[in-house]
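Here's the structure we're looking at; comments come further down.
Bear in mind these aren't lab numbers, they're just calculated from the coordinates by the rules spelled out. Values in this document were obtained by computation on a predicted structure and should not be read as measured data. Ideal geometry is used to build each Cβ from the backbone, glycine not excepted, and the neighbour counts take in all protein chains shown.
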Amino acid sequence: MNTSYKTHKFDVLPIHECHKQTMIDQFLALLLLVVISYVFSIIYKNRKSGRSKINLPPGSFGWPFVGESISFLRANWDGTPERFVRERIKKHGNPLVFKTCVFGERMAVLYGPAGNKFLFGNENKLVAAWWPSSVNKLFGRCLVTIRGDEAKWMRKMMLSYLGPEAFASHYVATMDIITRRHIEVHWRGKEELNVYPTVKLYAFELACRLFLSLEEPNHIAKLASLFNIFLKGIIGLPLDFPGTRFYRSKKAAAAIRKDLMTIIKERKVALEEGKASSSQDLLSHLLTSSDDNGKFLTEMEIANNFLLLLFAGHDTSTGSISLIMKNLGQHPHVYDKVLREQLEISKLKAAGELLKWEDVQKMRYSWNVVCEVMRINSPSIGSYKEALVDFEYAGYTIPKGWKLYWSAVSTHKDEDNFEDVTRFDPSRFEGKGPTPYTYVPFGGGPRMCLGKEFSRVQVLVFLHNIVTNFKWDLLVPDEKIEYDPLAAPVNGLPIRLNPHQVNLVDTSMNR
Ligand code: HEM
């Protein structure tokens, strides 16, 4: 079967190319590892640890320097990221925490809802947000690389644009317009297409339009192809020499940042000249908002935050929309129920009337379906923290400076948290839903995902438009999902599109 579909004119790196690069990267990384490991094993051999009497969690630091990074990354690339945690928990007799070494860092993995609760509840007390050094090097100073009061202020500023209150008054209709236009241009009239790259383009266009008011297709396409390169080096070993993913990613980040700086400078002038409004989009909002002492973000901080938001704001949603379409293709009775709910909403609207915030609130069953998809294939595997002090957890000492990891994927796929864990069952989210801290696709606590509401509305608006226009057949049954670093179907999810024979929206309106 031909799975190398090309659905649009934009320069999106084909998935098989990514795999070729992945293999070269893996080979280069392994070669380097062997050399470095040999040198480090000699240095480490007789090294005495001053902390040898501390009761550290069970586990292994693996190879010197690289630790267990390769096993960690391989589990993600194989599409079973939970395997890394599960194998070690089993091996060490089901402790609540185990130690490992990933990305060159000593790390404690806190397992299950108890671990999630502990980490989310102790932000800025015992632990603080942390990301691998590749993230710090690529993003520069922005929300994910700062902590404490500064991070609180930056979050507050962005949330006033991205939070539920903002959505209640703006954006839903704009999202609907962009979604309808995207479907007319990229889906209508096609017999077959690859969902993942097509949705990626949509999610990127949407983020560019809502965050930066960017609309010029060639400009968006150029940025989109740079982001595809940038994404691949974000989580991994920061091996900075030609030929590695990190090196390519750094070059792409520099090009994106340069473009963003030009956009920022032009907007500053437009604001000064009264040609742009301060509420026009997130860019104007960040340029005109200051903290209580009148301090504004620098242009570089704004550019870095847009690098973060454009990445976080489209790759995660692309993964979740693609996986929703995959699951609806696999479960026709669920598709039928989603369609019924969406037609009920259309029925109450005038012809052509755009979706409103109130309509999105009525999409309860559809949201349960989305939640179940994100349970089974969490778009993001989890995230990291750093210990601010020595502390005790589950009878073990976690030393200051160690990194901590909580895993959404292994929490979601644990039979202790979800009965019949592999069954696709949206009804799990009815009523009170899952027990607290067992369902954590967006994290939790003060550093919970900033784009939760944005992504909820985006995914539901897209779902409304896609099911009321099409049904589809999956061309690769049970296609594998890989994490690199976010969830994506390996063949790009090729489908056959079946437009509804009658206009269901009009029919449902009895006209
Ligand atoms: C299905 C969609 C999404 C998923 C599953 C997701 C997941 C996550 C997760 C797991 C975290 C880490 C939370 C923690 O450490 O507790 C996170 C952080 C973050 N997300 Fe999302 N995300 C999604 C969409 C978005 C969107 C659309 C945006 C932007 C509009 C966004 C922006 C961010 C930002 C800025 C952070 C860092 C927050 C901080 O450090 O304070 N995310 N996300």
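Once amide H atoms are built 1.01 Å from N in the peptide plane, which residues 5 or more positions from Trp472, or in another chain, come under 5 Å H to H?
Asn498
In the structure displayed, which of Lys432/Lys480; Lys349/Lys471; Lys53/Lys90; Lys326/Lys385; Lys91/Lys326 lie more than 29 Å apart, Cα to Cα? Before the final figure, lay out each step's value.
Numbers: Lys432/Lys480 32 Å; Lys349/Lys471 22 Å; Lys53/Lys90 25 Å; Lys326/Lys385 32 Å; Lys91/Lys326 34 Å.
In this structure, Lys432/Lys480; Lys326/Lys385; Lys91/Lys326 lie more than 29 Å apart at Cα.
For Lys275, list the lysines whose Cα falls under 29 Å from its own Cα; do not include residues on the same chain fewer than 8 positions away.
Lys156, Lys222, Lys258, Lys265, Lys295, Lys356
Cut-off is 10 Å between beta-carbons; in what order do Tyr405, Tyr335 appear when sorted fewest neighbours first?
Fewest to most other Cβ atoms nearby, the residues stand as Tyr335, Tyr405.
In percent, what relative contact order does the stretch 15-508 have, based on Cα pairs under 8 Å that are 6 or more apart in sequence?
24
Using the count of nearby Cβ atoms within 10 Å as a rough guide to exposure, how do Ile263, Ile495 rank from fewest to most?
Ile263, Ile495
Please list, in chain and number order, the residues 5+ apart from Val127 or on another chain whose amide H is under 5 Å from its amide H, with Hs placed from the backbone.
Leu388
Once each part is reduced to its C-alpha centroid, what is the distance from the stretch 379-409 to the stretch 281-348 in angstrom?
Going from one Cα centre to the other spans 28 Å.
Does the chain classify as rounded, prolate or oblate by the C-alpha gyration tensor (a ≥ b ≥ c root eigenvalues; a/c under 1.5 gives rounded; else a/b over b/c gives prolate, otherwise oblate)? Mind showing how you got there, number by number?
On the way: a/c = 1.58, a/b = 1.37, b/c = 1.16.
In terms of gyration-tensor shape, prolate.
Can you give me the relative contact order of the stretch 306-455 as a percent, contacts being Cα pairs under 8 Å and 6 or more apart?
22
Hey, what do the phi angles of the stretch 101-112 turn into as Karplus ³J(HN,Hα) couplings, whole Hz, using 6.51/-1.76/1.60 and θ = phi - 60°, x for Gly and Pro?
Each residue of the stretch 101-112 in turn: 9, 10, 6, x, 10, 6, 9, 9, 9, 8, 9, x Hz.
State, to one decimal in nm, how far the label point of Ser279 lies from the label point of Arg180, with both points 7 Å from Cα in the Cβ direction.
Rounded to a tenth, the inter-label distance reads 2.3 nm.
Figure the gain on full extension for Asp420 and Lys452 (residue separation times 0.36 nm, minus the Cα-Cα span) and round it to one decimal in nm.
Details: separation 32, 0.36 × 32 = 11.52 nm, distance 2.69 nm.
Full extension from Asp420 to Lys452 adds 8.8 nm.
Which ordering of Val370, Val476, Val502, Val144 is given by a fewest-first count of other beta-carbon atoms within 10 Å?
By the 10 Å Cβ count, ascending: Val502, Val476, Val144, Val370.
For the stretch 427-437, what does the Karplus curve 6.51 cos²θ - 1.76 cosθ + 1.60, with θ = phi - 60°, yield as ³J(HN,Hα) per residue in whole Hz, taken in order and with x for Gly and Pro?
After applying 6.51 cos²θ - 1.76 cosθ + 1.60, I find 5, 4, 9, 6, x, 6, x, x, 4, x, 6 Hz.
Which of Thr179, Met448, Gly313 sits closest to the plus end of the dipole of the chain, meaning its Cα is farthest towards the positive end, when Lys and Arg get +1 and Asp and Glu get -1 on the C-beta?
Met448
Along the charge dipole of the chain, Cβ charges K/R +1 and D/E -1, which of Tyr439, Phe211, Ile70 sits furthest on the positive end?
Ile70
Cα centroid distance between the stretch 73-118 and the stretch 209-225, in Å?
Spelled out, the Cα-based centre of one part sits 38 Å from the other.
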